[in-house]
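What follows is one structure encoded as C-alpha cells, with my remarks underneath.
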Amino acid sequence: MISGRTLAQGAWCESKMCDDFTKAASLCFLSEGDFKALNLSGGRNVLVKSAYGRVVMAPRIDKGLPPGMIFMAMGPWANSLVGPDTGGCGTPQFKGIEVDLEPTDEPVMDVRSMFTNLRGAKT
Amino acid sequence: MSGQEMKTRVEEDVLCSFCGCLCDDLVVEIEGNKVKNVRHACRLGASKLMGHERIRTPMIRKNGKLEEVSYQEAYDRAAQILVNAKRPLLYGWASTVCEAQKKGILLTEMVGGILDSTATVCHGPSILGIEERGLSGATLGQIKNRADLIVFWGCNPAEAHPKHGLRYSTNVCGFFTPEGRKGRKVLVVDVRQTRTAKNADKFIMIATGSDFEVLSALRMFVAGKGEFVPEKVGGVPKEELFEAADMMKAAKFGAFFFGLGITHSRGRSKNVGNALALIAELNAHTKFVVMPMRGHYNVAGIGQVAAWETGFPMSIDFSRGTAYFNPGETAACDVLSREDTDAVMVVASDPASNFPRGIVENLAKVPVIQIDPYENPTTLLAEVVIPSAIAGVECEGTAYRMDGLALRMKKLVNSPHPSDEGVLNGIIESVKKLRGTEAEAKAPNEASA
Ligand code: SF4
C-alpha cells in the first residue's frame with residue numbers, strides 16, 4: 001500500500017470536516033485485475049488490514065497501478081494502516097506497507113466517526 | 001453593506017499559500033471584504049484562497065464539550081497547560097509565516113519543550129540526507145531558464161504541485177529554453193503510472209521500496225561500471241536503466257526533483273542520500289541540480305527559521321535548557337509513540353489526520369492546544385482551540401519557496417481573528433504573567449526561609 005496527495009484530497013484538505021473530504025480521502029485505488037479478482041463491483045466496499053490496523057474504504061480502479069499495489073489518498077483512513085516506527089529518522093514509513101484486502105459490506109466511516117473513540121472527540 | 005464597500009477590487013501578483021511552489025502570479029478579485037474570484041491558480045490554490053468553513057471563536061473543552069471563551073481566556077489556559085507540562089511538544093508550523101515560526105521557537109524555549117515541524121512526516125529524511133551529503137542546488141528560476149532535462153522521482157506534481165510544470169519546470173519557456181516542453185526531455189521514475197508519468201518522454205516503473213537499488217544502478221552506469229549491474233534492478237531491465245543514465249549524462253542542464261516516494265518508503269533518508277550522490281556524480285559529466293518537492297507553502301521556512309534561531313532545522317528539544325537535535329528520538333512521532341510528552345500545541349497543521357493511527361491514539365491522551373483557521377480532526381481532540389487569520393489572505397508575512405527563495409505574502413482582506421503571530425504573542429504574555437505570579441507566590445516563602 002502506498003499513500004499520497006490527490007487533487008481532490010488536496011482541494012478539500014483545509015475543509016476536512018465536510019463530506020467531500022471523506023469522499024476524496026477514503027478511496028482505495030486498485031489495478032483493474034485486482035478489482036475484478038476481489039469481486040468489488042456493485043458498490044461493495046473493501047476492508048484493508050495491515051499489521052497495525054484495519055479500515056474500510058470505497059474501492060476504485062486506477063489503470064496506472066500495477067497488480068498487487070493499492071494507492072490511497074493521504075489522511076486518517078490510510079494512516080489507520082501505518083505503523084509508528086520511524087526507523088531512527090523521525091518519519092514513519094507511509095509507503096510500502098503490506099496489506100490484505102477483502103470485500104465487505106461494512107460502511108466507510110466518515111471523518112467524525114473515525115475519531116469518536118478517542119478521548120474528547122465528542123463535538 | 002454600502003455600495004462603496006461592495007466595490008470589486010483586483011489584486012495582482014498575489015502569492016498562493018498552499019504548496020511549496022508559492023506561485024506569485026495569482027489575480028484575486030475582492031468584493032467588499034471577501035475573496036470573490038481567484039484567477040491563474042490551480043485547483044488546490046483556488047480552493048484555499050476562496051476559503052472554507054472556519055473556526056469562529058476560541059474554545060475550551062469543559063465537561064467533554066468545546067465551549068466558547070474569550071481570546072484572553074484561551075491564551076491563559078494554553079499557557080497554563082504549557083507551563084505545567086514537563087515536556088510539551090509544539091508541532092506544525094508549515095502553513096504559517098516565518099514571523100509566527102519565530103515566536104513559536106521563542107515560546108518552545110520558554111517552556112522547555114520540543115519544537116517539530118510537519119517536515120518530520122514529509123521531507124524530514126531529505127533534510128537528513130542533505131545534511132549528510134550536501135546538495136547541488138539551484139533556484140526554480142535557473143531551472144526554468146536553463147534545464148533541458150527534468151527528472152521527477154517519486155513525486156507527482158500533476159496532483160500535488162499542479163503549476164510546477166507551467167511555471168518552473170517541464171512546460172515553461174525560459175531564456176535558454178524558448179521552446180518550452182518541446183525543447184525539453186522529461187523522465188519520470190515512480191512505482192505507479194501517475195498523471196505526471198503520462199506527460200513524460202520516458203517513464204520507468206520501479207518496484208515499491210527499490211529506489212535505493214535503482215539509484216545505485218544508475219550511479220554504476222554514470223561511473224562507467226555498467227557491466228556489474230544485474231540484468232534487472234527493482235523490476236527494471238538493465239537496458240532501460242542504461243538509457244535513463246545516458247539521458248541524464250546527455251543533458252546540458254538537468255534538474256532532478258524528488259518527492260515523498262523516496263522519503264516515505266523503505267530506505268527513507270538513505271534513499272535521498274543516494275539520489276544526492278547520483279546528482280553529485282553526474283556533475284562530473286554535465287550540470288545537474290536537485291531539489292525536494294516541498295509540500296506546504298512554508299515548510300521550507302520553518303527549516304530556515306529554526307536553523308538560524310537554533311542551529312537545527314526541526315525536531316529540536318529544549319528540555320535540557322539548550323537546543324538538542326536527534327530525530328529518531330526528538331521527532332514528534334517518536335516522542336508521541338514513546339508517550340514522552342505530556343502536552344501538545346499544534347499550530348497550522350493536523351496531526352490527527354496525518355500521523356499513524358497508533359500515534360494519534362497517544363496524542364488523544366494528552367492535552368492538545370490547537371491554533372488554526374480551520375476545524376479539522378485535531379480539533380476533535382483539542383482542549384483549547386484558538387482560531388487565527390489565514391496568512392497570505394488575511395495577514396501578511398514571509399514564506400520560503402521550495403528552492404529557498406524568501407517571498408512576501410500579501411494581506412488581501414481583513415480578519416476578525418488575530419494572526420498566528422498575534423496568538424503566539426498572547427500566549428507568551430500569559431506564560432510570562434503566570435511565571436511572574438508563580439515567582440511572586442514563591443518569593444515570600446524564600447524570604448522567610
Ligand atoms: S501550484 Fe501550488 S502554489 Fe501554485 S497555485 Fe497551485 S497550490 Fe498554489
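Kindly check whether there is at least one residue in the stretch B:208-220 that is basic (Lys, Arg) and surrounded by fewer than 18 Cβ atoms within 10 Å (Cβ to Cβ). The answer is no, given that none of the residues of the stretch B:208-220 is basic (Lys, Arg) and surrounded by fewer than 18 Cβ atoms within 10 Å (Cβ to Cβ).
Could you identify the single residue in A:Pro103, A:Pro59, A:Pro107 that is crowded, with 20+ Cβ neighbours inside 10 Å, modelled with pLDDT of 90 or more and of a type outside the set (A, V, I, L, M, F, W, C)? On inspection, the qualifying residue turns out to be A:Pro59. The helices (runs of 4 or more DSSP H) found wholly in the stretch B:22-111 and carrying at least 2 residues that are aromatic (Phe, Trp, Tyr) occupy B:71-84. B:Val384 meets all of the listed conditions (1) more than 20 Å from the chain's Cα centre (by Cα); (2) within 9 Å of chain A (Cβ to nearest Cβ); (3) β-branched (Val, Ile, Thr) but one, namely (2). If you go through the stretch A:55-68, how many residues are within 10 Å of chain B (Cβ to nearest Cβ) and under 13 Å from the mean Cα position of the chain (by Cα)? The number of residues fulfilling the criteria is 1.
The set of residues from the stretch B:141-196 being aromatic (Phe, Trp, Tyr) and outside any loop (DSSP other than H, G, I, E, B) comprises B:Phe152, B:Trp153. Annotation: B:His40 fulfils all but one of (1) closer than 30 Å to B:Asp25 by Cα; (2) at pLDDT below 95; the unmet one is (2).
If I ask for residues that are within 9 Å of the ligand (Cβ to nearest atom), within 17 Å of B:Glu394 (Cα to Cα) and more than 14 Å from chain A (Cβ to nearest Cβ), which ones from the stretch B:8-25 would you list? The answer is B:Leu15, B:Leu22, B:Asp24. Please specify each residue of the stretch B:226-262 satisfying the condition of being in a loop (DSSP other than H, G, I, E, B) and either of a type in the set (A, V, I, L, M) or in contact (Cβ under 8 Å) with a residue 40 or more places away in the chain (or both). Answer for the stretch B:226-262, where residues must be in a loop (DSSP other than H, G, I, E, B) and either of a type in the set (A, V, I, L, M) or in contact (Cβ under 8 Å) with a residue 40 or more places away in the chain (or both): B:Val229, B:Ala251, B:Lys252, B:Gly259. The one condition from (1) more than 8 Å from the ligand (Cβ to nearest atom); (2) more than 14 Å from chain A (Cβ to nearest Cβ) that B:Val38 does not meet is (2). Would you call B:Val366 part of a helix (DSSP H, G or I), over 23 Å from A:Gln9 (Cα atoms) and modelled with pLDDT of 95 or more? Against the criterion (part of a helix (DSSP H, G or I), over 23 Å from A:Gln9 (Cα atoms) and modelled with pLDDT of 95 or more), B:Val366 does not qualify. Restricting the stretch B:100-121 to residues that are farther than 19 Å from B:Gly328 by Cβ and within 16 Å of the chain's Cα centre (by Cα), the residue that is farthest from the other protein chains (Cβ to nearest Cβ) is B:Lys102. Of all the listed residues (B:Asn63, B:Asn33), the sole one being over 18 Å from B:Ile371 (Cα atoms), more than 12 Å from chain A (Cβ to nearest Cβ) and either more than 9 Å from the ligand (Cβ to nearest atom) or at pLDDT below 95 (or both) is B:Asn33. Checking each residue in the stretch B:293-310 for being more than 10 Å from the chain's Cα centre (by Cα) and not acidic (Asp, Glu) picks out B:Gln304, B:Val305, B:Ala306, B:Ala307, B:Trp308, B:Thr310.
Any chance the stretch B:209-218 includes a residue that's at pLDDT 95 or above, under 22 Å from B:Lys252 (Cβ atoms) and among the β-branched types (Val, Ile, Thr)? Checked the stretch B:209-218: no residue is at pLDDT 95 or above, under 22 Å from B:Lys252 (Cβ atoms) and among the β-branched types (Val, Ile, Thr). If B:Ser47 satisfies every condition in (1) away from the ligand (no atom under 16 Å from the Cβ); (2) modelled with pLDDT under 95; (3) touching an Asp or Glu at 6+ places or on another chain (Cβ under 8 Å) but one, which is the exception? It is condition (1) that B:Ser47 fails.
Based on what the data block shows, is B:Gly92 within 16 Å of the ligand (Cβ to nearest atom) and small (Gly, Ala, Ser)? The answer is no for B:Gly92. If you check B:Leu128, B:Leu115, B:Leu135 for being at pLDDT below 95, surrounded by 22 or more Cβ atoms within 10 Å (Cβ to Cβ) and more than 16 Å from the ligand (Cβ to nearest atom), only one passes: B:Leu128. Does B:Glu132 satisfy the condition of being of a type in the set (D, E, K, R) and farther than 19 Å from B:Arg195 by Cα? Yes: the conditions hold for B:Glu132. Of all residues in the stretch B:282-327, those satisfying the criterion of being within 14 Å of chain A (Cβ to nearest Cβ), aliphatic (A, V, I, L, M) and within 16 Å of the ligand (Cβ to nearest atom) are B:Met293, B:Val299. Restricting the stretch A:2-12 to residues that are within 14 Å of the ligand (Cβ to nearest atom) and touching a residue at least 60 places away in the same chain (Cβ under 8 Å) leaves a set whose member that is surrounded by the most Cβ atoms within 10 Å (Cβ to Cβ) is A:Gln9.
Every residue, every condition in (1) in contact with a Cys (Cβ under 7 Å, 6 or more places away or on another chain); (2) surrounded by fewer than 24 Cβ atoms within 10 Å (Cβ to Cβ); (3) free of Cβ contacts under 8 Å to residues at least 12 places away in the same chain; (4) not basic (Lys, Arg), yes or no:
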| site | (1), (2), (3), (4) |
| --- | --- |
| B:Lys287 | no, yes, no, no |
| B:Pro292 | no, no, no, yes |
| B:Gly321 | no, yes, no, yes |
| B:Gly358 | no, yes, no, yes |
| B:Glu361 | no, yes, yes, yes |
| B:Ala364 | no, yes, no, yes |
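The values are calculated or read from the model by the stated rules, or taken from the named source; none is laboratory data. Nothing here was measured: the structure is a model prediction, and the numbers come from that model. When we count neighbours, we look across all protein chains shown, and the Cβ atoms used for this are built from the backbone with ideal geometry, even at glycine.
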